[in-house]
1. Using all C-alpha to C-alpha distances in the stretch 266-411, build P(r) with 10 Å bins and read off the rounded percent in each one.
2. Quote the FRET efficiency, to the nearest 0.05, computed for residue 485 versus residue 92 with a Förster distance R0 of 45 Å and r equal to the Cβ-Cβ distance.
3. Please arrange 210, 346 by how many other C-beta atoms lie within 10 Å of their C-beta, fewest to most.
4. To the nearest 10 degrees, how steep is helix 92-103 against the longest Cα principal axis of the chain, on a 0 to 90 scale?
5. Direction-averaged shadow area of the convex hull around the Cα atoms of the stretch 39-184, nm²?
6. Which of 214, 187 comes first, and how do the rest follow, when ranked by fewest Cβ neighbours within 10 Å?
7. Between the stretch 342-418 and the stretch 244-292, how many Å separate their Cα centres?
8. As a test of the formula, what do you get for the chain when each DSSP H run with n ≥ 4 contributes -39,500 (n - 2.57) and the sum is divided by the residue count, at 222 nm and rounded to the nearest 500 deg cm²/dmol?
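Every number in this text was worked out from the coordinates using simple rules, so none of it is lab data. A quick note: this is a predicted structure, and the numbers were derived from the prediction, not measured. As a convention, Cβ positions derive from the backbone with ideal geometry for all residues, glycine included, and neighbour counts pool all protein chains shown.
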């Protein structure tokens, strides 16, 4: 019996000790207790709400330094700037978000009425201190202290100067105050303009002309908008809006060329290299002798010139991008090479495999000479009335389409610019109903290569095995046999 009484006494002592420990833990962890409020107890509270345009001066202090955002103008004309980087482009979206979040503050939850130990919330040494001076009649000044993230991760502890309460506010709003001034600099180097009015039909998202000059090739690559597409009566089968005009003329493959033709719009740097670079910086980072220089002539009249300099090597000794300078912006940026398709693009990477954009229903005649002499005339401009005549006699139009497709898909293996006086093995003279013409000639070259001359200019080489197959396919077509597409 005494044993049982002794056991009960010991058990009670243990229970008391455990209860005391739990009470002690609860008292020493106020932030955990406050976070365990039920959803019913969590209510938002508007701490203050001022007009953002009344902010005359905003001072932000954080671990990255102290900087001021000052206002120029008033009312709808109000604009904000940072004096020591006033000549550099700032992100209007980021700047606007900072101003708006400083002008109004909504608490998601009241954590404690008066905290005895602010270090629990990171408010003894806040991550950011934001002081907004307003130009209202009362001369209002509001100061926000931003502390640690809460255990939830979506909010931070905050205080407003003069109020002893600790609140939480959404992290998405408070994070703007944690950035340094250089993070407000706009890293997007070009954004397409918006239409000025309902009557403004200018296409501001179109590159009218692009010139790529590079150190690794001895010619310029010139890409232009295909103006033939502006003629509603033109019979053009170009599925891209662009053509390459130098060093050869070819239509572009829309799937392969989009990064090249559209990459300037929204082009954004990964980091900032040098602000307000001097001549020595321009030399040291390869801007004065660039690996590539690209000039964009954009709808609406804007001209953007980009120079791609030396490789950027990160702190781990790895290549992490390129130094880039954009004319008119006093910054040497750092871009990833993936965002700079102009650095290594070659004409054959982006052109269409078709040698001419003349659609079969746009043809008026095709003359093939060399291996055999064929004069083909075409009538009609749709599948319903399409007819083909070989040397004056009606022939199988389906077989002609197969032969025409085989000719247009001649492989272009390499660029070739040397002139030749050799006679072509096969010549294909294509004329269209609207007066257009393309002359494709296949000329013997060296090393089982044939030269392709387009409209009098040597442009490519292809395997001679293709030309041999073309000669045989012409014979098969004349004999009414099915052509062979492989070679």
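1. 9, 27, 16, 11, 14, 15, 7, 0
2. Numbers: r = 56 Å, r/R0 = 1.24.
For residue 485 and residue 92, the calculated efficiency is 0.20.
3. Numbers: 210 23, 346 12.
With the sparsest Cβ surroundings first, the list reads 346, 210.
4. 20 degrees
5. Numbers: hull surface 36.9 nm².
Mean projected area of the Cα convex hull: 9.2 nm².
6. On the way: 214 20, 187 17.
Listed from fewest to most nearby Cβ atoms, that is 187, 214.
7. A separation of 35 Å, based on Cα centres.
8. Values: 9 runs with 95 residues, N = 487.
Computed ellipticity for the chain at 222 nm equals -6000 deg cm²/dmol.
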